[in-house]
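**Student:** One structure, as structure tokens, below. Some questions next.
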Amino acid sequence: MLTLATDIEVLARFGRALADPIRCRILLALGQAPAYPADLADSLQISRTRLSNHLACLRDCGLVVTVPDGRRTRYELADERLGHALDDLRNAVVAVEADRTCVEADEKGCC
């Protein structure tokens, strides 16, 4: 039976997923388009075994789902809003980095 996660559980799961650069790359790739594991492994240049372990983690976190497609299984984000959230996070990080650079430059009298 599916249950809805609380806000804190959702954030913790998202944090666990983003804690690993390979999982970040997978999520960003799936944010662009659904993909098959073999294609993902090739495009990310990682072994299929390693990819499989990371996909299992992302499934357990509830961030990706599998979609049967004939004899193959396709992966996609569990909710299209996750792609938008990833974009928002990337933009926020860029903004923070830009602000930090400006603050550091200002301390040196450059800004």
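**Student:** With +1 on each Lys and Arg Cβ and -1 on each Asp and Glu Cβ, and nothing else charged, work out how big the dipole of segment 16-89 is about its Cα centre, in Debye to the nearest 20.
**Tutor:** On the way: 10 positive and 10 negative charges, 69 e Å.
Its charge dipole is roughly 340 debye.
**Student:** Give me the extension gain from V93 to V10: residue separation times 0.36 nm, minus the current Cα-Cα distance, reported in nm with one decimal. If you can, show how the numbers build up before the last one.
**Tutor:** On the way: separation 83, 0.36 × 83 = 29.88 nm, distance 1.97 nm.
That pair, V93 and V10, stretches by 27.9 nm at full extension.
**Student:** Tally up the carbon and sulfur contribution to the accessible surface of segment 7-84 as a whole percent, 1.4 Å probe, everything protein left in place. Numbers along the way, then the final one.
**Tutor:** On the way: 2400 of 4870 Å².
C and S atoms contribute 49 percent here.
**Student:** Obtain the nm distance between the two label points defined at S47 and C24 by a simple spin-label model: each point lies 7 Å from its Cα along the Cα-to-C-beta direction.
**Tutor:** Each label point is offset 7 Å from its Cα along the Cβ direction, giving 2.4 nm.
**Student:** Can you give the accessible area per residue of segment 1-77, in Å², using a 1.4 Å probe? Mind dumping the intermediate values first?
**Tutor:** Working: 5090 Å² over 77 residues.
Per-residue accessible area for segment 1-77 comes out at 66 Å².
The values are calculated or read from the model by the stated rules, or taken from the named source; none is laboratory data. Keep in mind that this is a model prediction, so the values were computed, not measured. All Cβ positions, even for glycine, are placed from backbone atoms using ideal geometry, and neighbour counts span all protein chains on display. With ligands, DNA and RNA removed, areas are computed over all heavy atoms of the protein, side chains included. Shrake-Rupley method; radii C 1.70, N 1.55, O 1.52, S 1.80 Å.
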